[in-house]
Amino acid sequence: MEAMNPTTPSGCLCEDVDPILDRYGRDQGLLVSILQDIQEKYRYLPKEALERVSAALDVPMAQVYAVATFFKAFSLKPRGRHVVQVCMGTACHVRGAPLIRDKLERDLGVKNGETAADLSVTLESVNCVGACALGPVVVLDDEVQGHVTLTKVDALVKKVRS
Amino acid sequence: MTGTSGWVADGRTGPTGTPLIRSPRDLEEARKRFLASYQAVQKYISVCGGTGCRGGGCLAVAQAIRDVVREEGLEQTLPVRLTGCHGFCERGPIVVIYPQKIFYQQVKPIHARKIVTRSAVAGEVLEDLLYKAPDTKEAIPHEEDIPFYRKQMRLVFGRNGAIDPENIEDYIALGGYSALVKALFSMQPDEIIEEVKRSGLRGRGGGGFPTGRKWASMKKAPSPDGRRFVICNADEGDPGAFMDRSLIEGNPHSVIEGMIIGAYAMGATAGYVYIRREYPLALQTLTTALRQAREYGFLGQDILGSGFSFDIGINRGGGAFVCGESTALMASMEGKVGEPRPKYVHTVEKGLWDRPTCLNNVETWANVPLIIARGADWYAGIGTDKSKGTKIFSLVGKVNNTGLIEVPMGITLREVIFEIGGGIQKGRRFKAVQTGGPSGGVIPESLLDLPVDFDRLTEVGSMMGSGGMIVMDDRTCMVDVARYFLQFLTEESCGKCVPCREGVRRVKEIVERICRGEGRMSDLRLIEEMAPEIADGSLCGLGQSAPNPVITSIRYFREEWEAHVRDRKCPAGVCKDLITYSIDPVKCTGCMACVKPCPQQCITGERKKPHVLDASRCIKCGACYEVCKYDAVLRQ
């Protein structure tokens, strides 16, 4: 995760991307999995990495780009060190998730779907994390927080800020 | 052509060593050993390790219990098992003491010591951690006596609490993989398909297509190079449904066993599980389970000496709701954008890589070993005329007992919501239940006695879907819920068919306008006119069913829509532009609780005197409403 500063991907990413390509036998059919691993490494998909994937798999850049922009898992922009996901599943929605999202936007100073300028945090909504019984749910850095209230948001924001 | 290199789609291959179990006899001998060691441990503490309980802190609870066990020097005599989901997520973290099966709920790490020393060792029942009946306040010590469980029929889900999902030996000990032996050694492939047909099993992913018929079509379809695939759809995208995840997390081998049986019946050469990226724990459990299945000889070459070879790989989804649709899912598995294609040629004939492919949902696969082991007649005896067996539902929303439930088909919504679910939270009034996710609809109180099966739900304009049941009370706005689903569908439409891409967006804009108080009476008619056009003009299920949530909402809750349009009011107090916050001077005790959380500092007042809310500065964030213990904040 801490491989490099995501804002300035170093000159040659090939060294980092190639092992991932090799792990999947440079198989075109596994493009989604390959991109997922790259995303995991850099927290986003750097342009250089996509170019490398396109060349190595012999897949047109347009197709790589189409896949990278189609799926929610991928981001073409660097994401924050912390990722706050507000679950917008139906169960969370009826239990007040929109108010939670609005408060997170206000308190983090980041709009839903955006990353803070200093890359400290990304706020995004997700369509159901499958913890519906605990709604409303917020996932902070892959950790599910259940029964979130507006009062509890303060503590979450503090955690992100610390 | 490229792709499907090797067996395993994630690039990792299994061990090449000889499997531990090479014949049915090996399996029976192993089972005896595993069962003996399983039963040797009579006394143990089981901690629910489902995602729901993890969100409630069960890992810390398990750790605390293990610490106490170690401090007390009991490691050898008192094992701690982390199991799959018990279903009663509302009450998590859940801890069960065996062999007495004492059911503790909402356990915290500070309870660890007394659970170990007083309950597990000394046999005391800790009253304060028991579930209490909401009406009588009577403490209930055993799981099976709790109303939430009493009406359930946990055929598929039942072993979740009894086995360690990371240990295949538990599954084998309790009879696992015996259905596979029966299928491989005493049934012909066609007999298996016939058995599944006769059982009446229908696809649990939403559509309810007869599974046996699908299998028969796949079996018949020719493949140019002999390759044929089975896929397990674990891309559980319906918001509000999480049974597939819990099945994989709690009992992964039941799904794997079902897939192997299906593969043998249909002559498949490889299998895949397409799993959602949002489910890291399920992915981990499944990866472990597949590795163990390979090591023990249930996957790989010449399974149990039957001559049948088959393996299963994992394919991680990229996060797109439309990929729950078969052709979109397969496109995504080929490294393409997940767009559906027209299905005049079905995927059972030309699916993944244009080869015959059978896609079934997690729960469908998990039903297969049961049908093979206990017979189609037994299975067909459960449920209704055209919907057989049980169905797992995620009962969530504004209901008291939220969680996962498994019930026989044909049970009424009322039984589910009021008997199993324990009624509506905070004694409020039931308003509607949403089934079928973004493809389904809302069902009003007048239809509560509806028996739940595929056809009844479709008749009333909703559908079974994958089994989400989201309960709504009088504080849920039905216009807002329709807006919510339209927003969801607009985001998730892949954009291929114009009626879906543009039509759903248009309807969403209209509903958003209504939520802002700018609706016109003609809007409702316009929506009703557009709905069939969107449905008819779309290729896949997403667009075809996209109008369901809004249409059922208008059909059953027209008054509420008219209140938004005509009176510019949101009776449920949800639509921000149509409500104002105020403080009831009679109910307000002047406790000051609401003053500090208000980000606008627009609530003023002295201690013990009624407060005043300046509506002109209020941003309707809901902070005061949430903290007020006296219902003095009004949202109208």
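Considering the stretch A:11-50, the residues that are part of a loop (DSSP other than H, G, I, E, B) and of a type in the set (A, V, I, L, M) include one that is surrounded by the fewest Cβ atoms within 10 Å (Cβ to Cβ), namely A:Leu13. Of note, A:Cys87 does not satisfy the criterion of being within 7 Å of chain B (Cβ to nearest Cβ), open to solvent by less than 10 Å² (accessible area, probe 1.4 Å) and within 26 Å of B:Phe485 (Cβ to Cβ).
Candidates in the stretch B:328-338 are the residues that are within 26 Å of the chain's Cα centre (by Cα) and open to solvent by 10 Å² or more (accessible area, probe 1.4 Å); of these, the one that is farthest from A:Ala62 (Cα to Cα) is B:Ala331. Looking only at residues in the stretch B:393-420 that are among the hydroxyl-bearing types (Ser, Thr, Tyr) and surrounded by 22 or more Cβ atoms within 10 Å (Cβ to Cβ), the one that is nearest to B:Ala133 (Cα to Cα) is B:Thr402.
Scanning the stretch B:459-489 for residues that are open to solvent by 20 Å² or more (accessible area, probe 1.4 Å) and more than 9 Å from chain A (Cβ to nearest Cβ) yields a total of 4. Checked against (1) more than 14 Å from chain A (Cβ to nearest Cβ); (2) under 19 Å from B:Ile275 (Cβ atoms); (3) among the β-branched types (Val, Ile, Thr), B:Val362 meets all criteria but (1). The condition of being at negative phi and among the charged types (D, E, K, R) holds for only one of A:Asp107, A:Asp141, that being A:Asp107.
Taking (1) within 19 Å of the chain's Cα centre (by Cα); (2) under 23 Å from B:Ala482 (Cα atoms) in turn, A:Val94 satisfies each apart from (1). If the condition is being of a type in the set (Gly, Ala, Ser) and either at pLDDT 90 or above or not assigned by TED's automatic domain parsing to the domain that holds B:Asp584 (or both), then the stretch B:596-634 contributes B:Ala615, B:Ser616, B:Gly622, B:Ala623, B:Ala632. Scanning the stretch A:100-134 for residues that are under 29 Å from B:Gly436 (Cβ atoms) and open to solvent by 40 Å² or more (accessible area, probe 1.4 Å) turns up A:Arg101, A:Asn112, A:Gly113, A:Ser125. Among the residues of the stretch B:207-234, those identified as within 30 Å of B:Ala482 (Cβ to Cβ), in contact with a helix residue (DSSP H, G or I) (Cβ under 9 Å, 6 or more places away or on another chain) and open to solvent by 10 Å² or more (accessible area, probe 1.4 Å) are B:Gly207, B:Asn233. Within the stretch B:341-359, the set of residues being in contact with a helix residue (DSSP H, G or I) (Cβ under 6 Å, 6 or more places away or on another chain), more than 10 Å from chain A (Cβ to nearest Cβ) and buried (at least 24 other Cβ atoms within 10 Å of the Cβ) comprises B:Thr347, B:Gly351, B:Pro356, B:Cys358, B:Leu359. In the stretch B:477-504, the residues that are more than 19 Å from B:Val442 (Cβ to Cβ) and touching a residue at least 40 places away in the same chain (Cβ under 8 Å) form Cβ pairs under 6 Å with partners that are of a type in the set (Ser, Thr, Tyr) and outside any helix (DSSP H, G or I), at six or more places apart or across chains, as follows: B:Cys497/B:Ser538; B:Pro499/B:Ser538; B:Cys500/B:Ser493; B:Cys500/B:Ser538.
Can you list the helices (runs of 4 or more DSSP H) lying wholly within the stretch B:212-326 that have 2 or more residues being over 22 Å from the mean Cα position of the chain (by Cα)? Filter on the stretch B:212-326 gives B:252-266, B:280-296. Note on the stretch A:106-152: among residues that are of a type in the set (Val, Ile, Thr) and under 17 Å from A:Gly80 (Cβ atoms), the one that is nearest to the other protein chains (Cβ to nearest Cβ) is A:Val126.
Can we say B:Glu191 is under 30 Å from B:Met218 (Cβ atoms) and either open to solvent by 40 Å² or more (accessible area, probe 1.4 Å) or not assigned by TED's automatic domain parsing to the domain that holds B:Asp453 (or both)? Answer is yes for this residue. Here B:Leu59 fulfils each of the conditions (1) under 24 Å from the mean Cα position of the chain (by Cα); (2) crowded, with 16+ Cβ neighbours inside 10 Å; (3) not aromatic (Phe, Trp, Tyr) apart from (2).
Going by what's in this entry, would B:Pro109 be described as under 29 Å from the mean Cα position of the chain (by Cα), outside the structural domain of B:Asn401 (by TED's automatic domain parsing), open to solvent by 40 Å² or more (accessible area, probe 1.4 Å) and not small (Gly, Ala, Ser)? Yes, satisfied.
The values are calculated or read from the model by the stated rules, or taken from the named source; none is laboratory data. If you're wondering where the values come from, they're calculated on a predicted model, not measured in any experiment. Cβ coordinates were reconstructed from backbone atoms using ideal geometry, including for glycine residues, and neighbour counts include every protein chain displayed. SASA here: full protein model, heavy atoms, side chains in, ligands and nucleic acids out. Shrake-Rupley method; radii C 1.70, N 1.55, O 1.52, S 1.80 Å.
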